[in-house]
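Presented below is the structure to which this report refers.
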Number of protein chains: 4
Amino acid sequence: MIGGGIGAFIGDAHRRASRICNDFELVGGVFDVDYERSKQFAGNEGIDPSRCYETVDSLIKGELALPAVERMESVSIVTPNALHFGFAKNLLNSGFHVVCEKPMTMTVEEAEELENIVHDQKLTFSLTHTYTGYPMVRQMKDMIASGTLGTLQRIDAQYYQGWINSIIHGTESRITGVWRLDPKHAGASSCMGDIGVHAFNLIEYTTGLEIEEVLSDLNPVKEGVALDLDGTVLIRFGKNLKGVIRASQVCGGEENNLTIAVYGSKASLKWSQENPNYLTLLSDSEPTKIFKPAHGYNDKFAEMSHTMPSGHPEGIYEALANIYKGTAKSIRGEEFTPGEFPTVHDGVRGMKFIHAVVESNRKDNTWVKI
Amino acid sequence: MIGGGIGAFIGDAHRRASRICNDFELVGGVFDVDYERSKQFAGNEGIDPSRCYETVDSLIKGELALPAVERMESVSIVTPNALHFGFAKNLLNSGFHVVCEKPMTMTVEEAEELENIVHDQKLTFSLTHTYTGYPMVRQMKDMIASGTLGTLQRIDAQYYQGWINSIIHGTESRITGVWRLDPKHAGASSCMGDIGVHAFNLIEYTTGLEIEEVLSDLNPVKEGVALDLDGTVLIRFGKNLKGVIRASQVCGGEENNLTIAVYGSKASLKWSQENPNYLTLLSDSEPTKIFKPAHGYNDKFAEMSHTMPSGHPEGIYEALANIYKGTAKSIRGEEFTPGEFPTVHDGVRGMKFIHAVVESNRKDNTWVKI
Amino acid sequence: MIGGGIGAFIGDAHRRASRICNDFELVGGVFDVDYERSKQFAGNEGIDPSRCYETVDSLIKGELALPAVERMESVSIVTPNALHFGFAKNLLNSGFHVVCEKPMTMTVEEAEELENIVHDQKLTFSLTHTYTGYPMVRQMKDMIASGTLGTLQRIDAQYYQGWINSIIHGTESRITGVWRLDPKHAGASSCMGDIGVHAFNLIEYTTGLEIEEVLSDLNPVKEGVALDLDGTVLIRFGKNLKGVIRASQVCGGEENNLTIAVYGSKASLKWSQENPNYLTLLSDSEPTKIFKPAHGYNDKFAEMSHTMPSGHPEGIYEALANIYKGTAKSIRGEEFTPGEFPTVHDGVRGMKFIHAVVESNRKDNTWVKI
Amino acid sequence: MIGGGIGAFIGDAHRRASRICNDFELVGGVFDVDYERSKQFAGNEGIDPSRCYETVDSLIKGELALPAVERMESVSIVTPNALHFGFAKNLLNSGFHVVCEKPMTMTVEEAEELENIVHDQKLTFSLTHTYTGYPMVRQMKDMIASGTLGTLQRIDAQYYQGWINSIIHGTESRITGVWRLDPKHAGASSCMGDIGVHAFNLIEYTTGLEIEEVLSDLNPVKEGVALDLDGTVLIRFGKNLKGVIRASQVCGGEENNLTIAVYGSKASLKWSQENPNYLTLLSDSEPTKIFKPAHGYNDKFAEMSHTMPSGHPEGIYEALANIYKGTAKSIRGEEFTPGEFPTVHDGVRGMKFIHAVVESNRKDNTWVKI
């Protein structure tokens, strides 16, 4: 992993996800520009100190010196955006597979150069447009591909957030100080580059179509802001198919309100990121249908993307992980909050409940003390 | 881990959760009553063959023979219910911490014996009432404890499922063949023992109160079924506080519809497992309020139980894990479905989109080709 | 109409509803025990003063003296509960059809006596269990009757309100002063008599079954309250069919949360009064289906009970009535709030919008001023 | 009333609404271009035949001949769009108040001419943008006016329907035959003129702002269709405030999905027509708040626009009207469906239920037969 050291949110998400899928083991990396902090992080994670490198170049050199069987296979790049291209290029050219956060690069030219390298090197390059990993997004893709909607007639995607409000409505000095609002670090766009592109990707992913042209109206919203924080994009596909992408970072109270609606001549599909287990199929002639994961009516691709039986949101793993976390604190003798994990006393209470219930029923529905 | 071998659902959930929280490493166990299958599982997971034991007794013996620093610290029991007690007792008496699936035991006496052992040994015993790990359940607990609801007046919890319909409406021979419906293996109760007890636990967890007595009416629903598949339990706390627990395994189409509503003299709280990120606070005099994770208005306990920023359901880790899974298949040269992970070409498309959008806006909102 | 004078809420609802269905005209009544207030009300409503009677007896006498073609055909009784029986009995025995608010009487004996009178007189007696008039409740009834659910397995109905909280948590003197809490005026029960009976009626209406026996646990909730404000009722039908009715007036923040869920061997149906246009059909093997009014897939009974095209909640009539109300104020020269009805200026704005939009599109998507 | 005769949907809605608000009485009109059908309609409605006129001119002449106190005060125009202007102009110039369906006219010039006439005549002209009559829309208007949202930052309104799909995906001959798709009858626009303008009106109504300029991209969707059936409109207000209006008649399965979201520097408000009783207030720092009608926290304007206590959707009047309708059928001896109104037997059942429940509770929670 490049980046993702102490305090980094997205690097932590990558590590959790790779542990869940259980196909990867974190063996080394360059976790911070500050080598001391990088080593400190490696220590916390139990990583072999010899594989905590100071630079990407030294990582490449060090890993290539190892026997192929021990060598790092894949590198995840979770650094600030401007660094993606250089690191990805070097790593690919040195034979490493790459997982890269989005946006992939700063310019179209860099993006196309990476595409050529990947093609020539025959390596795997994975861009983490995470939303395409949801089971019901995959179900949507399959249903559209199989013709459930008929001829597509309108496409509408939205990504609304509000978090930047607290920044732009602070002091002027603060506005200019935030790197997200500085074109040098953020690139050509704030809102469209950070979240509009997710809506774009979701459209192309689910429909299998490519958007042909765009017309946009962007809004910096406030004096002194150099980049778009809000905008609407008219989109056109082939003849008679149009749509819209709406994105904003100033919709106060919206969290990650990413939605997509695809309307066809026969039926329509709608999905929303904040309730990702519900896929809605609308039609003029039949009751609205709600598709959920872990059912035989879904396509194979959706079903292999889900690991829980129906009715348990995937977040239940985190709930169970919280129980394990509390248990670990207790085992280590660390302080923990009462209620962090159910104890043997909860087990006793539960057994008493079950037996009292059965007894009450057997005794012709009379009261039984627990 | 005891149990949880090839094909076991709940063991897999425990492993995923323990990998997410990153405080545990699976180093050995007794994964199957069939030793060959157990060894096969250990091989798949990369577990040292010498720590794949044939029995729990040999596990205890083998681990105790290791230096303390290498020894297994905690054992997760995910076997069928009837085996929980014996294994937990032996492990605790040998000095191991225990994580145990629910129901903890088959009888109240066994449960109380375990409680005594845990007390004497001063070990950690964790019962996986998973639902208490959700951030908004913990927020609910804190809000009730801090008096937000005033004096409690009514408590209503429900756990409705429908999966057993397909079994009982099959052939007669099939009914008797399912272990869940056989008192020898399932214990005193099917519906109340398996899911009613979760509703019970959630009530005691969130309110901090103990239910004093119950009156139940259980229903086997179909001729030839020996256990309850459905039931309602009237519950009483102290003076003037009553409520109800409703549970069923024959509510066709219900998945894991666990809900809890607690009504007080000042306000009320409602939570539903299938949409676990929403906690609803009702009052007579103010607009209904929806609490969600990752906000400053939550209590500390809820916030430490959540790892994503607001608006991303925790299931997003699984979405990202799916991307990593597809990437792994590609790296290994395995077959994968197009769309299992976003490629460098998606990255090129994204960069083209962002730059076309910015260009259209700069050119006074005219169309730009992608 | 008997009762329903100045300030009476339920009488007003009856008048609005009878005007909507356009089969009734209000020609007279006894609107208040205070004859002066009754006459004042009649004057406000433009009712012939000679038909504003002082008592029900004088109404009967007066109307019978009129030629049959002019005579009142039907009388709506919207008085306090204790008066229903006497008035209904007299009116029926004098040959008038009766519409009566619920609860119909104070005792079972009175109820049975009325039933006999109606039977003998061959008159129409209509009890306003209003919820059975919703289109989707009627659709539910039809779907159950046609066997969509298979054999019924569980029935769960709820009616939760919270309005009585503000009364019981006021001063002691206030508690005793509220007639709802006084057995002399409210009858045998507060919560079950006022709202539990609606849940009961909805069960028998939608399923076509009769509940055979009940077991209840009621709660006065607070010291000094003589009647139930909260309760749970276990219900039994024939063999292997059970269920529960839950009702409360102390669930703070709940408004009129009346719900019903009927679970069968093949599928399940759920409906909620606060969102009455949605009927949910659940099954284990198919996506959840949402039925809504004004669609060809509904049965005939549901469709004849709806007057709006799909997608407009019935409440849209009240929205339009508000526009008409504002218009009337303006016509009469009364004061009105800006925005009470759209003016000709709004019409000008609308036309400008439409033409500007068409022009922008024709001019290759350029900006057009409004 | 002009128009609105036999089989006319919108005329019926106007009559129902005016009966609900109880400020209007239908005394005459020109109900159909076919005078025989018009007279037939007047007969059905019990209207004085002498006031069922053949033309608007004869109506004006006839009514002006009546004493002022008997004369029609206000005329509702519910004819096809192209006739609105001429009738409204004549009626206003003759001194009648006018209620007019939207779109008000066919051209901007006609609209402005009407505005001038209304201004000069000092008459009331009411345009039925019905959605502005919803209580929560009025609450939204008041909250924005009082500064709850701070400086507005983004406005997004949508009106999606799907009903035209069934027409355009029929045969070619059918397409040309539908008047909605014929510019001569429908005017400059189909989708924007019929429904886009509602979204436009809702924006200007709730925010109190005027949209300054628009940029649109419209879509006829199918070969051979002359008008827009779908489109997106970029909208601009003053500096730094932009937004979008999205409208479509080809979103299959959408009914009347009219929504509005207004985002400000401090908070945001969202409302949806299909669930009109819920107004959502979002902010970055507080729980999401849901405002509903009939609560003390609402502004006065919203509260005077609502007639039901909290928790009963306004559609409950129609439910009660359905009960009255069934009762009327029974009184008249017409055929009715069992279940069209609750009978005295339902009343008996209800009383038995209440008394059995009370008895069970008194007898220490034992079973009591009904």
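The values are calculated or read from the model by the stated rules, or taken from the named source; none is laboratory data. If you're wondering where the values come from, they're calculated on a predicted model, not measured in any experiment. All Cβ positions, even for glycine, are placed from backbone atoms using ideal geometry, and neighbour counts span all protein chains on display.
Being surrounded by 24 or more Cβ atoms within 10 Å (Cβ to Cβ), among the small types (Gly, Ala, Ser) and either under 27 Å from residue D:237 (Cα atoms) or within 11 Å of chain B (Cβ to nearest Cβ) (or both) is true of residue A:189. Among all residues of region C:302-321, there is at least one that is without any contact (Cβ under 8 Å) to a residue 24 or more places away in the chain, facing chain D (nearest Cβ under 7 Å) and in contact with a strand residue (DSSP E or B) (Cβ under 8 Å, 6 or more places away or on another chain). Within region D:261-285, being in contact (Cβ under 8 Å) with a residue 60 or more places away in the chain and either outside the structural domain of residue D:219 (by TED's automatic domain parsing) or outside any strand (DSSP E or B) (or both) holds for D:265, D:266, D:267, D:273, D:276, D:277, D:278.
With the structure loaded, tell me whether residue A:193 is assigned to a loop (DSSP other than H, G, I, E, B) and closer than 29 Å to residue B:315 by Cβ or whether it fails that test. No; evaluated as a whole, the condition is false for this residue. Restricting attention to region B:211-227, the residues that are farther than 18 Å from residue B:252 by Cα and facing another protein chain (nearest Cβ under 7 Å) add up to 7. Hey, can you tell me all the residues within region C:115-133 that are at the interface with another protein chain (Cβ under 7 Å from one of its Cβ atoms), among the β-branched types (Val, Ile, Thr) and either closer than 8 Å to residue C:92 by Cα or not in a loop (DSSP other than H, G, I, E, B) (or both)? Scanning region C:115-133 gives C:118, C:130, C:132.
Touching a residue at least 40 places away in the same chain (Cβ under 8 Å) and closer than 30 Å to residue B:165 by Cα: is that true of residue B:256 in this structure? Yes, satisfied. Suppose the filter is closer than 21 Å to residue D:192 by Cβ, touching an Asp or Glu at 6+ places or on another chain (Cβ under 6 Å) and not acidic (Asp, Glu); does residue D:105 pass it? No: the conditions fail for residue D:105.
Residue B:20 meets the conditions (1) farther than 16 Å from residue B:98 by Cα; (2) among the β-branched types (Val, Ile, Thr); (3) part of a loop (DSSP other than H, G, I, E, B) in every case but one. The failed one is (3).
Of all residues in region D:86-106, those being more than 10 Å from every other protein chain (Cβ to nearest Cβ), part of a helix (DSSP H, G or I) and under 13 Å from residue D:118 (Cβ atoms) number 3. Please specify each residue of region A:286-319 satisfying the condition of being among the aliphatic types (A, V, I, L, M), more than 20 Å from residue B:324 (Cβ to Cβ) and not in a loop (DSSP other than H, G, I, E, B). Of everything in region A:286-319, those that are among the aliphatic types (A, V, I, L, M), more than 20 Å from residue B:324 (Cβ to Cβ) and not in a loop (DSSP other than H, G, I, E, B) turn out to be A:290, A:319. Please find, within region D:192-210, the residue that is farthest from the other protein chains (Cβ to nearest Cβ) out of those that are in contact with an Asp or Glu (Cβ under 7 Å, 6 or more places away or on another chain) and farther than 18 Å from residue D:269 by Cβ. It comes out as D:210. When we screen B:115, B:110, B:101 for residues that are under 18 Å from residue A:347 (Cα atoms) and either without any contact (Cβ under 8 Å) to a residue 12 or more places away in the chain or exposed (fewer than 14 other Cβ atoms within 10 Å of the Cβ) (or both), the only hit is B:115.
Within region A:325-344, being at the interface with another protein chain (Cβ under 7 Å from one of its Cβ atoms), surrounded by 17 or more Cβ atoms within 10 Å (Cβ to Cβ) and not basic (Lys, Arg) holds for A:327, A:328, A:330, A:331, A:339, A:341, A:342, A:343, A:344.
Checking every residue in region B:75-92 against the condition of being surrounded by fewer than 14 Cβ atoms within 10 Å (Cβ to Cβ), farther than 14 Å from residue B:28 by Cβ and out of contact with any Gly (no Cβ under 9 Å at 6 or more places or on another chain) gives zero matches. Cβ-Cβ contacts under 7 Å between residues 6 or more apart (or on different chains), taken from a first residue in region B:194-218 that is in the same structural domain as residue B:181 (by TED's automatic domain parsing) to a second residue that is assigned to a strand (DSSP E or B) and among the aromatic types (Phe, Trp, Tyr), are listed as B:195/B:159; B:196/B:159; B:198/B:159; B:199/B:159.
Among the residues making up region D:225-260, those that are out of contact with any Lys or Arg (no Cβ under 9 Å at 6 or more places or on another chain) and in a strand (DSSP E or B) are D:245, D:247, D:257, D:258.
Contact map, region B:19-38: residues that are facing chain A (nearest Cβ under 9 Å) paired with residues that are among the aliphatic types (A, V, I, L, M) and outside any strand (DSSP E or B), Cβ distance under 8 Å, separation 6+ or inter-chain. Pairs shown: B:19/A:20; B:20/A:20; B:20/A:321; B:21/A:321; B:21/A:328; B:23/A:328; B:24/A:328.
Considering only residues in region A:345-369 that are more than 7 Å from every other protein chain (Cβ to nearest Cβ) and assigned to a helix (DSSP H, G or I), the one that is farthest from residue B:123 (Cα to Cα) turns out to be A:362.
Looking at the structure I just gave you, is residue A:15 surrounded by 16 or more Cβ atoms within 10 Å (Cβ to Cβ), on the phi < 0 side of the Ramachandran plot and within 12 Å of chain B (Cβ to nearest Cβ)? So residue A:15 passes the test.
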